[in-house]
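Below is one structure, written out as C-alpha cells; the observations come after it.
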Amino acid sequence: MRIYKYIYYASFLQSMKKNAAPEIPVYSYLSFIQTNNLITVINVLLIITRIDIVYDVLKLVLFGPITFYFINYYYFSKKGNGAIIIRDESYSLGKYSFLLDVFGFASFLLVVLTYYFYREF
C-alpha cells in the first residue's frame, strides 16, 4: 500500500499544477495501476496452482478501474488520508520520482507477460 501513497503524493503534486480538480487524474492513474497489479496477482496464482480456470480478463479490465476509482476516492478523499499524505513530505522521492512511472509501466508489462504465460501453459 505504501507504493500507492508515493504515487498519490507525486501525481497529486504534478496534477495540482495543471488541473483545477487534481484528484481525478490521480485516482484514474492509481486505479489503472491497481487493476494491473490485481490481474498480475490472479495470473501468477493461476500459473502457480495450475488451476484451469478461464476468467474473463476483459471484464476485469473494464470494471476493475471503476471499482478501484471509487475505493481510492473513499480512501483518499472521504477518509481524509489524501490530505495527510500531501502534508507528509516523507513521501517525496525527489529526483527518483521517475521510478513511480517505471513502476506503472512495468505493472502493465507484467500483466501482458503473466497473461501470456497463463494462456500458453
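The values are calculated or read from the model by the stated rules, or taken from the named source; none is laboratory data. Values in this document were obtained by computation on a predicted structure and should not be read as measured data. All Cβ positions, glycine included, derive from the backbone under ideal geometry; neighbour counts span all protein chains shown. Just the protein is used for accessible areas: all its heavy atoms, side chains included, with ligands, DNA and RNA removed. Shrake-Rupley method; radii C 1.70, N 1.55, O 1.52, S 1.80 Å.
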If residue 50 satisfies every condition in (1) modelled with pLDDT of 95 or more; (2) farther than 16 Å from residue 11 by Cβ; (3) open to solvent by 80 Å² or more (accessible area, probe 1.4 Å) but one, which is the exception? (1)
What's the number of the only condition in (1) touching a residue at least 12 places away in the same chain (Cβ under 8 Å); (2) part of a helix (DSSP H, G or I); (3) closer than 25 Å to residue 120 by Cβ; (4) not β-branched (Val, Ile, Thr) that residue 55 fails to meet? (2)
I need a count of the residues in the range 58-81 that are open to solvent by less than 80 Å² (accessible area, probe 1.4 Å) and in a helix (DSSP H, G or I). 12
Cβ-Cβ below 6 Å, separation at least six or inter-chain, first residue in the range 70-94 and modelled with pLDDT of 95 or more, second exposed (fewer than 13 other Cβ atoms within 10 Å of the Cβ): which pairs? none
Would you pick out the residues in the range 6-40 that are open to solvent by 80 Å² or more (accessible area, probe 1.4 Å) and more than 19 Å from residue 99 (Cα to Cα)? 16, 17, 18, 20, 24
